[in-house]
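A.B. asks: The structure that follows is given in the form of structure tokens.
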Amino acid sequence: MKKSIKYKFSIFPLLFVMTFALTLHLKAQNVSVNNETISTGDENSSTNVIILEDASTQENSKEKSSGEKQKTTETIEETVKFTPEELEGGNWVLTGVESKAFNGINITKWKANDLQIVGTTSWKDKIEIIHTVESGFKWQEPPQNMQPGAYLNLEAVYTNIDYSTTANINTGIKMFFGRVGSDYKTPEANSIEILKLNKDNKQYANEVKKGFFYAPNMPFDATYMCQLVVDCYVGKDHYVTTYTYSYQK
């Protein structure tokens, strides 16, 4: 009987110590952030963890999310390509003409007079010999109106004024239809070629060339506009005239 009572008295201190330790552990598991209680337990444990952020972090997160959403929308819009359809009826109407020199090496002097262009390139080599390439370009005036798909032609004239050099200087004229803003040097795949007339140091005789083509029967882009590009060049220097057409029903 005395032995049993002794064991009971020994258990009470043990229970007290365990209860105190458990209380400390529970207190250690909870901290306060922004007046809210969150768990600081091991993230691999089964305890549910609520992560709280301050106001600035939440705003930055919302702005980032909004920015990503806008970027995604813009990307989707960019990937939506214009699908051209064959034009029925209507006309391509000439709305503007513009000419501009693009001198890659800036040694050609251009003289423009209506549809006659003269480009003169002259330089002196190391032994003081003067080289000259002077070419004249003329072309037929494009139509004011064109029906889509109409079979047409345009004529270009190359005139050799002076070709006093053994250097291989390409000179000539090319004409094509393309979208507004097309690169005059490298026409796009869907452009419509009219003619190419190229000369060099082996063959630079006067020449008249006529190009046959079909007027564009499909729009190049959503603007329903196109350009006839006339590129006259001597070496790397170009004189480009663009005729802008607008499709009207």
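A.B. asks: List pairs: first residue in region 229-249 and in the same structural domain as P219 (by TED's automatic domain parsing) and buried (at least 24 other Cβ atoms within 10 Å of the Cβ), second residue of a type in the set (A, V, I, L, M) and assigned to a loop (DSSP other than H, G, I, E, B) anywhere in the structure, Cβ distance under 8 angstrom, at least six positions apart or on different chains.
C.D. replies: As it stands, the answer is V234/I169, since those pairs meet every condition given.
A.B. asks: Within region 203-219, which residues are touching a residue at least 12 places away in the same chain (Cβ under 8 Å) and within 26 Å of G104 (Cβ to Cβ)?
C.D. replies: So in region 203-219, the residues touching a residue at least 12 places away in the same chain (Cβ under 8 Å) come out as 204-219.
Selection gives Y204, A205, N206, E207, K209, G211.
A.B. asks: If you take the residues in region 90-137 that are in contact with a Lys or Arg (Cβ under 8 Å, 6 or more places away or on another chain), among the aliphatic types (A, V, I, L, M) and not in a strand (DSSP E or B), which one is nearest to L197 (Cα to Cα)?
C.D. replies: L115
Yes/no matrix, rows are residues, columns are (1) assigned to a strand (DSSP E or B); (2) at negative phi; (3) modelled with pLDDT of 95 or more:
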{"residue": "S182", "(1), (2), (3)": "no, yes, no"}
{"residue": "A205", "(1), (2), (3)": "no, yes, yes"}
{"residue": "F212", "(1), (2), (3)": "yes, yes, yes"}
{"residue": "P216", "(1), (2), (3)": "no, yes, yes"}
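A.B. asks: Specify which of the listed residues (Y233, Y184) is under 19 Å from G104 (Cβ atoms) and touching a His at 6+ places or on another chain (Cβ under 8 Å).
C.D. replies: On the way: Y233 fails: touching a His at 6+ places or on another chain (Cβ under 8 Å).
Just a single option satisfies the conditions, and that option is Y184.
A.B. asks: For region 218-227, which residues satisfy the criterion of being assigned to a strand (DSSP E or B) and of a type in the set (A, V, I, L, M)?
C.D. replies: Looking only at region 218-227, we keep the residues that are assigned to a strand (DSSP E or B), and these are 225-227.
M225, the sole residue that qualifies.
A.B. asks: Follow-up question, since we're still on this one. Those residues that are assigned to a strand (DSSP E or B) and crowded, with 17+ Cβ neighbours inside 10 Å, I need them from region 186-203; list them, please. So that I can check it myself, show each step before the final result.
C.D. replies: Our first condition is that a residue be assigned to a strand (DSSP E or B); within region 186-203, this holds for 192-200, 203.
If the condition is that a residue be assigned to a strand (DSSP E or B) and crowded, with 17+ Cβ neighbours inside 10 Å, then I192, I194, L195, L197, K199 are the ones that fit.
The values are calculated or read from the model by the stated rules, or taken from the named source; none is laboratory data. All values reported here derive from a predicted model rather than from experimental measurement. In this analysis, Cβ positions are derived from the backbone assuming ideal geometry, glycine residues included, and neighbour counts consider all displayed protein chains.
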